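Heads up, the thing below is written out as structure tokens.
Values in this text are rule-based calculations from the coordinates and carry no lab data. No experiment lies behind these values; they were computed from the predicted model shown. Neighbour counts are summed over all protein chains in view; Cβ atoms, including those assigned to glycine, are modelled from backbone coordinates with ideal geometry.
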Amino acid sequence: MADARRVLITGIAGQLAGLVARALEQRSDIAAIVEALKAGRIEFRADKTGVVHAPIGKASFAPEQLAENYTALRQALDAAKPDAAKGTYVRTVHLTSTMGPSVRVAI
């Protein structure tokens, strides 16, 4: 590859490259970053309205794996709660497949 300062990547490869680029901006230990990504590390952000979209698994995952991933996501959300935030931080939870309808989860 030529010495490039910017590269345009589209499609799913572009989304994955974006995750890796954000991780690389924050840390310089590339081996640890690669291990974290292989272990299933995910990043989440809230949109303008406060809705968080985050994957917790695939259709091939066992229910136990999905429950474990959901628990890890909830713990991460609770840890990220600002000290100034008052009241209920997570009001509702819905699960959905990529193109399917959502199902409300009792919390």
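Here is how the numbers come out for the structure above:
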quantity	calculated
Inter-probe distance in nm under a simple model that places probes 7 Å from Cα toward Cβ, at V105 and R91	1.9 nm
Amide H partners (placed H, <5 Å) of V93, local residues excluded	V105
Lysines with Cα under 22 Å of K48, excluding same-chain neighbours fewer than 8 positions away	K81, K86
Under 14 Å, Cβ to Cβ, from H94 - net charge with Lys/Arg +1 and Asp/Glu -1	+3
Volume per residue of the C-alpha convex hull in the range 46-107, rounded to whole Å³	98 Å³
Unit charges on C-beta of K, R, D, E only; dipole of the range 46-107, Debye	220 debye
Under 13 Å, Cβ to Cβ, from G50 - net charge with Lys/Arg +1 and Asp/Glu -1	+3
